[in-house]
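The values are calculated or read from the model by the stated rules, or taken from the named source; none is laboratory data. All values derive from a computational prediction rather than experimental measurement. Cβ placement follows ideal geometry from the backbone for every residue including glycine, while neighbour counts extend to all protein chains displayed. When the accessible area is computed, the model is the full protein with side chains, heavy atoms only, and any ligands, DNA or RNA have been set aside. Shrake-Rupley method; radii C 1.70, N 1.55, O 1.52, S 1.80 Å.
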Amino acid sequence: MATPNKEHKTLKGIAEIKEFFRSNQTPIYFISATNFNLLGIDEWINNFKFISHIDCFEGLHPNLFSPKEEVPHEEFQSIEDINNYLLGHPEVINYIKSRSVNGDLGKALFLMFDEKTEQLAKDLGLEVCFPSAKLRSFLDNKVNTNRIAEKAGVACVPYVLSRVENFAHLRKVSQDLGENLVVQTPFGDSGHTTFFISNENDFDTYKDEIIKEKEVKIMKRINCYGTAIEGCVTQHGTLVAPLMTELVGFKELTPYKGGWCGNEIFPNAFTPDIREKAKKYTQLFGDQLRKEGYKGYFELDFLIDKDNGEIYLGELNPRVSGVSSLTNHSKFAMNDVPLFLFHMLEWLNVPYEIDVNELTNRWAKAENMDSWSQLVIKHTRKTIELATKAPESGIWEMKKNGNIQFKKMDAHRQSVVDDNEAFYLQITQKDGYFHEGADLGILVMRGRLMSDDFQLSERGKRWINGLRAQYRSEIIDPGSFDENELMATDGFKML
(Lines give C-alpha, C1' and ligand atoms only; values in the text may rest on other atoms or scores of the structure.)
Protein backbone atom coordinates (compact mmCIF):
# COMPACT_ATOMS: atom_id res chain seq x y z
CA MET A 1 0.00 0.00 0.00
CA ALA A 2 1.28 3.45 -0.89
CA THR A 3 1.79 5.80 2.03
CA PRO A 4 -0.25 9.02 2.17
CA ASN A 5 1.35 12.19 0.86
CA LYS A 6 2.30 14.02 4.06
CA GLU A 7 2.90 17.25 2.12
CA HIS A 8 -0.83 17.58 1.60
CA LYS A 9 -2.93 18.66 4.56
CA THR A 10 -5.19 16.01 6.03
CA LEU A 11 -8.74 16.28 4.72
CA LYS A 12 -11.19 16.16 7.60
CA GLY A 13 -14.71 15.17 6.72
CA ILE A 14 -16.96 15.32 3.68
CA ALA A 15 -16.85 19.09 3.14
CA GLU A 16 -13.06 19.18 2.78
CA ILE A 17 -13.09 16.09 0.55
CA LYS A 18 -15.61 17.80 -1.76
CA GLU A 19 -13.52 20.95 -1.94
CA PHE A 20 -10.34 18.96 -2.65
CA PHE A 21 -11.87 17.36 -5.72
CA ARG A 22 -13.49 20.60 -6.92
CA SER A 23 -10.02 22.16 -7.11
CA ASN A 24 -8.13 19.09 -8.35
CA GLN A 25 -5.48 19.92 -10.98
CA THR A 26 -4.17 16.41 -11.69
CA PRO A 27 -5.42 15.15 -15.08
CA ILE A 28 -7.50 12.00 -14.50
CA TYR A 29 -8.82 9.84 -17.36
CA PHE A 30 -11.35 7.03 -17.52
CA ILE A 31 -10.35 5.12 -20.65
CA SER A 32 -12.80 2.50 -21.89
CA ALA A 33 -15.15 1.44 -24.67
CA THR A 34 -17.75 3.92 -23.33
CA ASN A 35 -18.04 6.30 -20.38
CA PHE A 36 -21.03 4.46 -18.86
CA ASN A 37 -19.44 3.07 -15.70
CA LEU A 38 -18.27 6.42 -14.33
CA LEU A 39 -20.87 8.63 -15.98
CA GLY A 40 -21.19 11.86 -13.99
CA ILE A 41 -17.95 11.58 -11.99
CA ASP A 42 -16.53 14.44 -14.08
CA GLU A 43 -19.02 16.73 -12.30
CA TRP A 44 -17.42 15.91 -8.94
CA ILE A 45 -13.74 15.84 -9.93
CA ASN A 46 -12.19 18.82 -11.68
CA ASN A 47 -9.92 17.87 -14.60
CA PHE A 48 -11.59 14.44 -14.99
CA LYS A 49 -12.02 13.39 -18.63
CA PHE A 50 -13.40 10.37 -20.47
CA ILE A 51 -11.52 8.81 -23.38
CA SER A 52 -13.92 6.46 -25.16
CA HIS A 53 -13.84 4.30 -28.26
CA ILE A 54 -17.59 4.81 -28.69
CA ASP A 55 -18.78 8.38 -28.29
CA CYS A 56 -22.25 7.70 -26.87
CA PHE A 57 -23.04 11.42 -27.04
CA GLU A 58 -21.87 11.99 -30.64
CA GLY A 59 -19.57 14.91 -29.78
CA LEU A 60 -21.96 16.70 -27.40
CA HIS A 61 -20.49 15.62 -24.03
CA PRO A 62 -18.20 18.40 -22.73
CA ASN A 63 -15.69 16.09 -21.02
CA LEU A 64 -15.52 13.17 -23.44
CA PHE A 65 -12.79 12.68 -26.05
CA SER A 66 -13.06 10.04 -28.75
CA PRO A 67 -10.58 9.76 -31.63
CA LYS A 68 -12.16 10.68 -34.94
CA GLU A 69 -9.99 8.60 -37.25
CA GLU A 70 -9.97 4.80 -37.15
CA VAL A 71 -6.41 3.49 -37.40
CA PRO A 72 -5.58 -0.08 -38.46
CA HIS A 73 -5.96 -2.69 -35.72
CA GLU A 74 -6.71 -6.35 -35.22
CA GLU A 75 -10.31 -7.29 -34.52
CA PHE A 76 -11.20 -6.46 -30.91
CA GLN A 77 -11.76 -9.51 -28.73
CA SER A 78 -12.13 -7.71 -25.41
CA ILE A 79 -12.37 -4.37 -23.64
CA GLU A 80 -8.65 -4.73 -22.93
CA ASP A 81 -8.00 -4.76 -26.69
CA ILE A 82 -10.02 -1.57 -27.06
CA ASN A 83 -8.08 0.18 -24.30
CA ASN A 84 -4.76 -0.89 -25.76
CA TYR A 85 -5.88 0.47 -29.12
CA LEU A 86 -6.83 3.79 -27.52
CA LEU A 87 -3.53 4.13 -25.64
CA GLY A 88 -1.65 3.65 -28.90
CA HIS A 89 -3.84 5.97 -30.96
CA PRO A 90 -2.01 9.15 -32.11
CA GLU A 91 -5.02 11.37 -31.39
CA VAL A 92 -5.30 10.03 -27.83
CA ILE A 93 -1.56 10.38 -27.21
CA ASN A 94 -1.60 13.98 -28.43
CA TYR A 95 -4.69 14.77 -26.35
CA ILE A 96 -3.14 13.42 -23.13
CA LYS A 97 0.22 15.14 -23.74
CA SER A 98 -1.50 18.45 -24.49
CA ARG A 99 -3.20 18.41 -21.11
CA SER A 100 -0.18 17.73 -18.89
CA VAL A 101 0.19 19.89 -15.77
CA ASN A 102 3.77 20.83 -14.88
CA GLY A 103 4.99 17.81 -16.80
CA ASP A 104 2.53 15.44 -15.06
CA LEU A 105 0.43 13.56 -17.61
CA GLY A 106 -1.87 12.32 -14.87
CA LYS A 107 -3.74 9.21 -13.80
CA ALA A 108 -5.56 6.53 -15.78
CA LEU A 109 -8.59 4.42 -14.85
CA PHE A 110 -9.92 1.46 -16.81
CA LEU A 111 -12.87 -0.89 -16.53
CA MET A 112 -10.68 -3.72 -17.78
CA PHE A 113 -6.95 -3.85 -18.46
CA ASP A 114 -4.08 -6.30 -18.82
CA GLU A 115 -0.29 -6.22 -18.55
CA LYS A 116 -0.02 -4.70 -22.02
CA THR A 117 -2.34 -1.87 -20.96
CA GLU A 118 -0.18 -1.24 -17.91
CA GLN A 119 2.96 -1.02 -20.04
CA LEU A 120 1.35 1.28 -22.61
CA ALA A 121 0.13 3.59 -19.84
CA LYS A 122 3.57 3.60 -18.20
CA ASP A 123 5.29 4.35 -21.52
CA LEU A 124 2.93 7.26 -22.03
CA GLY A 125 3.56 8.59 -18.52
CA LEU A 126 0.21 7.69 -16.92
CA GLU A 127 -0.18 6.08 -13.50
CA VAL A 128 -2.87 3.37 -13.40
CA CYS A 129 -5.13 3.95 -10.40
CA PHE A 130 -6.06 0.34 -9.73
CA PRO A 131 -4.25 -2.68 -8.29
CA SER A 132 -2.18 -4.58 -10.83
CA ALA A 133 -3.77 -6.54 -13.65
CA LYS A 134 -2.12 -9.67 -12.25
CA LEU A 135 -3.78 -9.23 -8.85
CA ARG A 136 -7.13 -8.28 -10.37
CA SER A 137 -7.06 -11.35 -12.61
CA PHE A 138 -6.29 -13.57 -9.62
CA LEU A 139 -9.16 -12.10 -7.61
CA ASP A 140 -11.54 -12.10 -10.60
CA ASN A 141 -11.15 -15.88 -10.92
CA LYS A 142 -14.45 -17.27 -9.58
CA VAL A 143 -12.62 -20.21 -8.03
CA ASN A 144 -10.25 -17.93 -6.11
CA THR A 145 -13.17 -15.71 -5.05
CA ASN A 146 -14.68 -18.57 -3.08
CA ARG A 147 -11.37 -19.31 -1.38
CA ILE A 148 -11.09 -15.65 -0.35
CA ALA A 149 -14.67 -15.74 0.94
CA GLU A 150 -13.81 -18.73 3.11
CA LYS A 151 -10.88 -16.84 4.63
CA ALA A 152 -13.12 -13.82 5.21
CA GLY A 153 -15.92 -15.81 6.84
CA VAL A 154 -18.43 -14.98 4.10
CA ALA A 155 -21.02 -17.66 3.30
CA CYS A 156 -21.14 -19.20 -0.19
CA VAL A 157 -23.76 -21.37 -1.87
CA PRO A 158 -22.81 -25.02 -1.11
CA TYR A 159 -20.13 -25.85 -3.67
CA VAL A 160 -17.09 -27.85 -4.67
CA LEU A 161 -14.08 -26.80 -6.71
CA SER A 162 -12.86 -29.45 -9.11
CA ARG A 163 -11.76 -30.31 -12.58
CA VAL A 164 -14.49 -32.07 -14.57
CA GLU A 165 -13.57 -34.93 -16.90
CA ASN A 166 -17.04 -36.00 -18.06
CA PHE A 167 -20.65 -36.13 -16.87
CA ALA A 168 -20.08 -39.16 -14.65
CA HIS A 169 -17.15 -37.39 -13.01
CA LEU A 170 -19.26 -34.26 -12.48
CA ARG A 171 -21.88 -36.34 -10.69
CA LYS A 172 -19.21 -37.98 -8.55
CA VAL A 173 -17.54 -34.80 -7.32
CA SER A 174 -20.88 -33.05 -6.71
CA GLN A 175 -22.75 -35.95 -5.13
CA ASP A 176 -23.65 -33.92 -2.03
CA LEU A 177 -25.07 -30.98 -4.01
CA GLY A 178 -28.18 -32.57 -5.48
CA GLU A 179 -29.36 -33.22 -9.03
CA ASN A 180 -29.63 -29.61 -10.19
CA LEU A 181 -26.29 -27.85 -10.49
CA VAL A 182 -24.80 -24.56 -11.55
CA VAL A 183 -21.30 -24.76 -13.04
CA GLN A 184 -19.14 -21.67 -13.52
CA THR A 185 -15.81 -21.48 -15.29
CA PRO A 186 -13.17 -19.18 -13.74
CA PHE A 187 -13.77 -16.18 -15.99
CA GLY A 188 -16.73 -14.68 -17.82
CA ASP A 189 -19.47 -12.13 -17.22
CA SER A 190 -23.18 -11.50 -17.72
CA GLY A 191 -23.98 -15.21 -17.72
CA HIS A 192 -21.70 -16.19 -20.61
CA THR A 193 -19.98 -18.90 -18.57
CA THR A 194 -22.65 -19.85 -16.05
CA PHE A 195 -24.18 -23.21 -16.96
CA PHE A 196 -27.33 -24.80 -15.50
CA ILE A 197 -27.02 -28.58 -15.56
CA SER A 198 -29.62 -31.14 -14.49
CA ASN A 199 -28.87 -34.03 -16.83
CA GLU A 200 -26.38 -35.33 -19.36
CA ASN A 201 -28.03 -33.47 -22.24
CA ASP A 202 -27.46 -30.18 -20.41
CA PHE A 203 -23.86 -31.16 -19.77
CA ASP A 204 -23.25 -32.11 -23.41
CA THR A 205 -24.35 -28.62 -24.49
CA TYR A 206 -21.55 -26.99 -22.50
CA LYS A 207 -19.04 -29.81 -22.02
CA ASP A 208 -16.31 -28.35 -24.26
CA GLU A 209 -16.19 -25.16 -22.19
CA ILE A 210 -16.28 -27.04 -18.89
CA ILE A 211 -13.82 -29.85 -19.57
CA LYS A 212 -11.07 -27.58 -20.89
CA GLU A 213 -10.76 -25.79 -17.51
CA LYS A 214 -8.29 -26.97 -14.87
CA GLU A 215 -10.86 -26.19 -12.20
CA VAL A 216 -14.47 -25.01 -12.13
CA LYS A 217 -16.93 -23.99 -9.43
CA ILE A 218 -19.83 -26.43 -9.04
CA MET A 219 -22.72 -25.16 -6.93
CA LYS A 220 -25.99 -26.50 -5.64
CA ARG A 221 -28.76 -24.82 -7.61
CA ILE A 222 -30.89 -22.77 -5.25
CA ASN A 223 -34.14 -20.91 -5.77
CA CYS A 224 -32.73 -17.42 -5.47
CA TYR A 225 -32.71 -13.87 -6.66
CA GLY A 226 -29.62 -11.80 -7.32
CA THR A 227 -28.41 -8.64 -5.66
CA ALA A 228 -25.45 -6.32 -6.08
CA ILE A 229 -23.49 -4.16 -3.66
CA GLU A 230 -20.37 -2.03 -4.02
CA GLY A 231 -17.63 -1.22 -1.57
CA CYS A 232 -14.29 0.53 -1.35
CA VAL A 233 -11.25 -0.76 0.53
CA THR A 234 -9.68 2.25 2.23
CA GLN A 235 -6.93 2.88 4.77
CA HIS A 236 -9.70 3.40 7.34
CA GLY A 237 -11.62 0.20 6.58
CA THR A 238 -14.17 -0.92 4.01
CA LEU A 239 -16.90 1.52 2.98
CA VAL A 240 -20.14 -0.10 1.81
CA ALA A 241 -22.93 1.31 -0.39
CA PRO A 242 -26.57 0.12 -0.17
CA LEU A 243 -27.65 -3.29 -1.46
CA MET A 244 -29.61 -3.24 -4.72
CA THR A 245 -31.69 -5.75 -6.62
CA GLU A 246 -30.49 -7.35 -9.84
CA LEU A 247 -32.31 -8.17 -13.05
CA VAL A 248 -31.11 -11.51 -14.40
CA GLY A 249 -31.95 -13.56 -17.46
CA PHE A 250 -35.00 -11.69 -18.77
CA LYS A 251 -35.48 -12.82 -22.37
CA GLU A 252 -36.61 -9.32 -23.34
CA LEU A 253 -33.13 -8.01 -22.46
CA THR A 254 -30.51 -10.76 -22.76
CA PRO A 255 -30.03 -14.07 -24.59
CA TYR A 256 -28.22 -15.54 -21.57
CA LYS A 257 -30.22 -17.45 -18.95
CA GLY A 258 -27.94 -16.30 -16.13
CA GLY A 259 -27.15 -12.95 -17.73
CA TRP A 260 -27.13 -9.71 -15.76
CA CYS A 261 -29.38 -7.13 -17.40
CA GLY A 262 -30.05 -4.38 -14.89
CA ASN A 263 -30.59 -3.25 -11.30
CA GLU A 264 -32.88 -1.35 -8.98
CA ILE A 265 -32.02 0.68 -5.89
CA PHE A 266 -34.85 1.76 -3.61
CA PRO A 267 -35.59 2.14 0.13
CA ASN A 268 -36.44 -1.03 2.05
CA ALA A 269 -35.73 -3.26 -0.93
CA PHE A 270 -34.73 -5.98 1.52
CA THR A 271 -35.47 -6.94 5.10
CA PRO A 272 -33.32 -5.27 7.78
CA ASP A 273 -31.69 -8.65 8.48
CA ILE A 274 -30.63 -9.15 4.85
CA ARG A 275 -29.37 -5.58 4.52
CA GLU A 276 -27.32 -5.90 7.70
CA LYS A 277 -25.88 -9.28 6.73
CA ALA A 278 -24.94 -8.03 3.23
CA LYS A 279 -23.24 -5.00 4.75
CA LYS A 280 -21.33 -7.15 7.24
CA TYR A 281 -20.27 -9.67 4.58
CA THR A 282 -19.10 -6.88 2.25
CA GLN A 283 -16.99 -5.33 5.02
CA LEU A 284 -15.49 -8.70 5.89
CA PHE A 285 -14.73 -9.42 2.24
CA GLY A 286 -13.25 -5.97 1.70
CA ASP A 287 -11.05 -6.33 4.78
CA GLN A 288 -9.80 -9.66 3.39
CA LEU A 289 -9.12 -8.03 0.00
CA ARG A 290 -6.89 -5.54 1.82
CA LYS A 291 -4.92 -8.46 3.26
CA GLU A 292 -4.58 -9.83 -0.28
CA GLY A 293 -2.95 -6.52 -1.33
CA TYR A 294 -6.00 -4.85 -2.87
CA LYS A 295 -7.28 -1.32 -2.30
CA GLY A 296 -10.07 0.70 -3.83
CA TYR A 297 -13.39 0.03 -5.50
CA PHE A 298 -15.05 -3.40 -5.83
CA GLU A 299 -18.47 -4.98 -6.37
CA LEU A 300 -20.03 -8.17 -4.96
CA ASP A 301 -23.04 -10.13 -6.17
CA PHE A 302 -25.03 -11.83 -3.43
CA LEU A 303 -27.66 -14.54 -3.91
CA ILE A 304 -30.64 -14.64 -1.56
CA ASP A 305 -32.30 -18.04 -1.14
CA LYS A 306 -36.06 -17.59 -1.54
CA ASP A 307 -36.73 -20.78 0.42
CA ASN A 308 -34.82 -20.04 3.63
CA GLY A 309 -33.82 -16.36 3.40
CA GLU A 310 -30.08 -17.10 3.59
CA ILE A 311 -27.67 -14.80 1.78
CA TYR A 312 -24.67 -16.18 -0.10
CA LEU A 313 -21.79 -14.68 -2.05
CA GLY A 314 -22.24 -14.96 -5.80
CA GLU A 315 -19.12 -13.37 -7.32
CA LEU A 316 -16.60 -10.55 -7.09
CA ASN A 317 -15.79 -7.79 -9.57
CA PRO A 318 -12.50 -6.20 -8.40
CA ARG A 319 -13.17 -2.90 -10.22
CA VAL A 320 -15.89 -0.44 -11.02
CA SER A 321 -18.84 -2.33 -12.46
CA GLY A 322 -22.13 -2.15 -14.30
CA VAL A 323 -23.88 -0.93 -11.15
CA SER A 324 -21.36 1.85 -10.37
CA SER A 325 -23.46 4.48 -12.12
CA LEU A 326 -26.47 3.67 -9.90
CA THR A 327 -24.32 3.66 -6.75
CA ASN A 328 -22.61 6.95 -7.51
CA HIS A 329 -25.79 8.82 -8.51
CA SER A 330 -28.03 7.74 -5.65
CA LYS A 331 -29.39 10.09 -3.00
CA PHE A 332 -26.80 9.14 -0.38
CA ALA A 333 -24.02 9.97 -2.87
CA MET A 334 -25.60 13.29 -3.79
CA ASN A 335 -25.93 14.19 -0.08
CA ASP A 336 -22.33 13.27 0.77
CA VAL A 337 -19.99 12.27 -2.07
CA PRO A 338 -19.96 9.33 -4.51
CA LEU A 339 -18.29 6.17 -3.23
CA PHE A 340 -15.83 6.37 -6.12
CA LEU A 341 -14.22 9.51 -4.70
CA PHE A 342 -12.79 7.43 -1.86
CA HIS A 343 -11.15 5.18 -4.45
CA MET A 344 -9.47 8.26 -5.89
CA LEU A 345 -8.36 9.47 -2.45
CA GLU A 346 -6.57 6.16 -1.95
CA TRP A 347 -4.82 6.38 -5.32
CA LEU A 348 -3.95 10.06 -5.05
CA ASN A 349 -2.34 9.21 -1.70
CA VAL A 350 -4.03 12.13 0.02
CA PRO A 351 -4.31 11.87 3.82
CA TYR A 352 -7.90 12.09 5.00
CA GLU A 353 -10.02 11.23 8.01
CA ILE A 354 -13.46 9.60 7.92
CA ASP A 355 -15.52 7.33 10.17
CA VAL A 356 -16.17 4.34 7.91
CA ASN A 357 -18.91 2.86 10.10
CA GLU A 358 -20.71 6.17 10.49
CA LEU A 359 -20.77 6.73 6.71
CA THR A 360 -21.77 3.16 5.88
CA ASN A 361 -24.57 3.16 8.48
CA ARG A 362 -25.87 6.53 7.26
CA TRP A 363 -25.91 5.40 3.64
CA ALA A 364 -27.87 2.28 4.59
CA LYS A 365 -30.81 4.27 6.02
CA ALA A 366 -33.98 4.29 3.94
CA GLU A 367 -34.30 8.08 4.11
CA ASN A 368 -30.92 8.40 2.36
CA MET A 369 -32.02 6.33 -0.63
CA ASP A 370 -34.21 7.26 -3.58
CA SER A 371 -35.61 4.90 -6.20
CA TRP A 372 -33.86 4.31 -9.54
CA SER A 373 -33.60 1.47 -12.05
CA GLN A 374 -31.45 0.64 -15.04
CA LEU A 375 -31.92 -1.81 -17.90
CA VAL A 376 -29.11 -3.13 -20.10
CA ILE A 377 -30.68 -3.91 -23.47
CA LYS A 378 -28.86 -6.51 -25.56
CA HIS A 379 -29.47 -7.93 -29.02
CA THR A 380 -31.24 -11.17 -28.14
CA ARG A 381 -31.40 -12.94 -31.51
CA LYS A 382 -28.76 -14.97 -33.30
CA THR A 383 -28.84 -12.62 -36.28
CA ILE A 384 -26.11 -10.27 -37.42
CA GLU A 385 -27.54 -6.90 -38.40
CA LEU A 386 -26.28 -3.52 -39.57
CA ALA A 387 -27.90 -0.59 -37.73
CA THR A 388 -29.23 2.03 -40.14
CA LYS A 389 -30.86 4.10 -37.39
CA ALA A 390 -30.25 4.26 -33.61
CA PRO A 391 -31.91 6.25 -30.79
CA GLU A 392 -29.86 9.14 -29.41
CA SER A 393 -28.44 9.43 -25.91
CA GLY A 394 -30.46 11.75 -23.71
CA ILE A 395 -33.90 12.15 -22.19
CA TRP A 396 -36.80 10.25 -23.76
CA GLU A 397 -40.49 10.62 -22.97
CA MET A 398 -43.22 7.96 -23.18
CA LYS A 399 -46.61 9.03 -24.50
CA LYS A 400 -49.90 7.56 -23.28
CA ASN A 401 -50.08 5.26 -26.32
CA GLY A 402 -46.76 3.62 -25.36
CA ASN A 403 -44.70 5.30 -28.07
CA ILE A 404 -41.56 7.11 -26.99
CA GLN A 405 -40.16 10.39 -28.23
CA PHE A 406 -36.73 12.01 -27.90
CA LYS A 407 -37.00 15.07 -25.65
CA LYS A 408 -33.47 16.49 -25.41
CA MET A 409 -29.79 15.63 -25.36
CA ASP A 410 -28.61 15.41 -21.77
CA ALA A 411 -25.75 13.68 -19.96
CA HIS A 412 -27.46 13.96 -16.56
CA ARG A 413 -29.76 11.18 -15.46
CA GLN A 414 -30.96 13.52 -12.71
CA SER A 415 -32.70 15.46 -15.49
CA VAL A 416 -35.30 12.68 -15.56
CA VAL A 417 -38.22 14.35 -13.77
CA ASP A 418 -41.33 12.19 -14.15
CA ASP A 419 -42.16 8.49 -14.31
CA ASN A 420 -42.86 8.86 -18.03
CA GLU A 421 -39.26 9.96 -18.72
CA ALA A 422 -36.03 7.98 -18.96
CA PHE A 423 -32.36 8.56 -19.72
CA TYR A 424 -30.98 6.43 -22.56
CA LEU A 425 -27.29 5.85 -23.21
CA GLN A 426 -26.68 4.74 -26.77
CA ILE A 427 -24.05 1.99 -27.14
CA THR A 428 -24.65 0.54 -30.61
CA GLN A 429 -24.72 3.42 -33.08
CA LYS A 430 -25.81 3.95 -36.66
CA ASP A 431 -23.58 1.87 -38.98
CA GLY A 432 -22.68 -0.41 -36.06
CA TYR A 433 -23.37 -4.13 -35.99
CA PHE A 434 -25.70 -6.18 -33.81
CA HIS A 435 -24.79 -9.73 -32.91
CA GLU A 436 -26.18 -12.01 -30.23
CA GLY A 437 -25.41 -10.51 -26.82
CA ALA A 438 -24.23 -7.12 -28.15
CA ASP A 439 -25.16 -4.14 -25.96
CA LEU A 440 -27.61 -1.85 -27.70
CA GLY A 441 -27.94 0.68 -24.90
CA ILE A 442 -28.70 1.36 -21.26
CA LEU A 443 -31.99 2.77 -20.00
CA VAL A 444 -32.16 4.58 -16.63
CA MET A 445 -35.33 5.82 -14.96
CA ARG A 446 -36.87 6.73 -11.66
CA GLY A 447 -38.84 4.07 -9.78
CA ARG A 448 -38.87 0.30 -10.09
CA LEU A 449 -38.90 -2.00 -13.09
CA MET A 450 -39.62 -5.28 -11.31
CA SER A 451 -42.52 -6.50 -9.21
CA ASP A 452 -42.07 -7.66 -5.61
CA ASP A 453 -41.73 -11.24 -6.89
CA PHE A 454 -38.87 -10.17 -9.22
CA GLN A 455 -40.77 -10.22 -12.51
CA LEU A 456 -40.18 -7.60 -15.19
CA SER A 457 -42.94 -4.99 -14.95
CA GLU A 458 -45.25 -3.96 -17.79
CA ARG A 459 -43.71 -0.48 -17.53
CA GLY A 460 -40.30 -2.00 -18.15
CA LYS A 461 -41.55 -4.02 -21.11
CA ARG A 462 -43.15 -0.94 -22.69
CA TRP A 463 -39.87 0.98 -22.47
CA ILE A 464 -37.88 -1.93 -23.91
CA ASN A 465 -40.27 -2.26 -26.84
CA GLY A 466 -40.27 1.51 -27.32
CA LEU A 467 -36.48 1.68 -27.53
CA ARG A 468 -36.17 -1.33 -29.81
CA ALA A 469 -38.73 0.26 -32.15
CA GLN A 470 -36.39 3.25 -32.57
CA TYR A 471 -33.77 1.06 -34.26
CA ARG A 472 -33.72 0.16 -37.93
CA SER A 473 -31.39 -2.44 -39.35
CA GLU A 474 -30.46 -4.55 -42.33
CA ILE A 475 -30.13 -8.30 -41.82
CA ILE A 476 -26.60 -9.40 -42.73
CA ASP A 477 -26.95 -12.98 -41.48
CA PRO A 478 -30.35 -14.36 -40.36
CA GLY A 479 -28.72 -17.01 -38.19
CA SER A 480 -31.29 -19.59 -37.03
CA PHE A 481 -34.27 -17.33 -37.87
CA ASP A 482 -36.12 -17.48 -41.14
CA GLU A 483 -37.43 -14.36 -42.86
CA ASN A 484 -41.03 -14.81 -41.64
CA GLU A 485 -39.89 -15.02 -38.01
CA LEU A 486 -37.77 -11.91 -38.41
CA MET A 487 -40.59 -9.91 -39.95
CA ALA A 488 -42.90 -10.88 -37.09
CA THR A 489 -40.52 -9.74 -34.38
CA ASP A 490 -41.18 -6.44 -32.58
CA GLY A 491 -38.55 -3.70 -33.08
CA PHE A 492 -35.60 -4.03 -35.48
CA LYS A 493 -37.43 -3.66 -38.77
CA MET A 494 -35.94 -5.62 -41.63
CA LEU A 495 -35.26 -3.28 -44.56
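How far is the Cα center of segment 45-67 from the Cα center of segment 172-231, in Å?
38
With unit charges on the beta carbons (Lys and Arg positive, Asp and Glu negative) and the dipole taken about the Cα centre of the chain, which residue among 67, 258, 281 sits farthest to the positive side?
281
Segment 120-163 to segment 97-119: how many Å between their Cα centroids?
Each part's Cα centre sits 22 Å from the other's.
I'd like the FRET efficiency for residue 408 and residue 8, computed as 1/(1 + (r/R0)^6) with the beta carbon distance as r and R0 of 41 Å, rounded to 0.05.
0.50
Run through segment 174-278 and list the chymotrypsin sites (Phe, Trp or Tyr not before Pro) located in a DSSP loop whose Cβ has at most 13 other Cβ atoms within 10 Å.
Values: sites: 187, 195, 196, 203, 206, 225, 250, 256, 260, 270; in loops: 187, 250, 256, 270.
Taking segment 174-278 and a limit of 13 other Cβ atoms within 10 Å, the loop chymotrypsin sites (Phe, Trp or Tyr not before Pro) found are 187.
Can you find, among 420, 248, 375, the residue farthest towards the positive end of the dipole of the chain? Put +1 on the C-beta of Lys and Arg, -1 on that of Asp and Glu.
The one lying farthest along the dipole's positive direction is 420.
Between residue 166 and residue 477, what length comes free when the chain is fully extended (0.36 nm per residue of separation minus the Cα-Cα distance, one decimal in nm)? Display every interim value, and only then the final one.
Working: separation 311, 0.36 × 311 = 111.96 nm, distance 3.43 nm.
Stretched out fully, the residue 166 to residue 477 stretch lengthens by 108.5 nm.
Sequence-distant or interchain residues sharing an amide H contact under 5 Å with residue 306, placed H: which?
Result for residue 306 returns 223, 224, 225.
For segment 52-129, state which chymotrypsin sites (Phe, Trp or Tyr not before Pro) are in a DSSP loop and have at most 15 other beta carbons lying within 10 Å of their beta carbon. It would help to have the intermediate numbers written out before the result.
On the way: sites: 57, 65, 76, 85, 95, 110, 113; in loops: 57, 76, 113.
The qualifying sites are 76.
With bins 10 Å wide starting at 0, give me the P(r) of segment 271-326 over every alpha carbon pair, in whole percents.
22, 49, 26, 3
Hey, how many Å between the Cα centroid of segment 289-325 and the Cα centroid of segment 373-427?
29
How large is the convex hull of the C-alpha atoms of the chain per residue, in Å³?
Convex hull of Cα atoms, per residue: 151 Å³.
Ordering 202, 176, 431 from largest to smallest accessible area (1.4 angstrom probe), what's the sequence?
Order by accessible area, largest first: 176, 431, 202.
Given that compact globular proteins tend to follow 2.2 N^0.38 Å, what is the ratio of the alpha-carbon Rg of segment 208-350 to that value?
It is 1.11.
Roughly to the nearest percent, how much of the accessible area of the chain is carbon and sulfur, given a 1.4 Å probe?
46
What are the extents of the Cα atoms of segment 193-266 along their three principal axes, in Å, largest first?
Rounded to whole Å, the extents work out to 48, 33, 19 Å.
What does the accessible area per residue of segment 236-317 come to in Å², with a 1.4 Å probe and no ligands, DNA or RNA counted?
Accessible area per residue: 34 Å².
Using only the alpha carbon atoms of segment 361-465, find the Kirkwood hydrodynamic radius as the inverse mean reciprocal pair distance, in angstroms to one decimal. Could the numbers behind the result be given before it?
Numbers: mean 1/r = 0.0663 Å⁻¹.
In segment 361-465 this quantity evaluates to 15.1 Å.
Can you compute the charge dipole magnitude of segment 126-208 about its Cα centre, using +1 on each Lys and Arg Cβ and -1 on each Asp and Glu Cβ, nothing else charged? Give it in debye, rounded to the nearest 20.
Numbers: 9 positive and 11 negative charges, 73 e Å.
Once rounded to the nearest 20, the dipole reads 360 debye.
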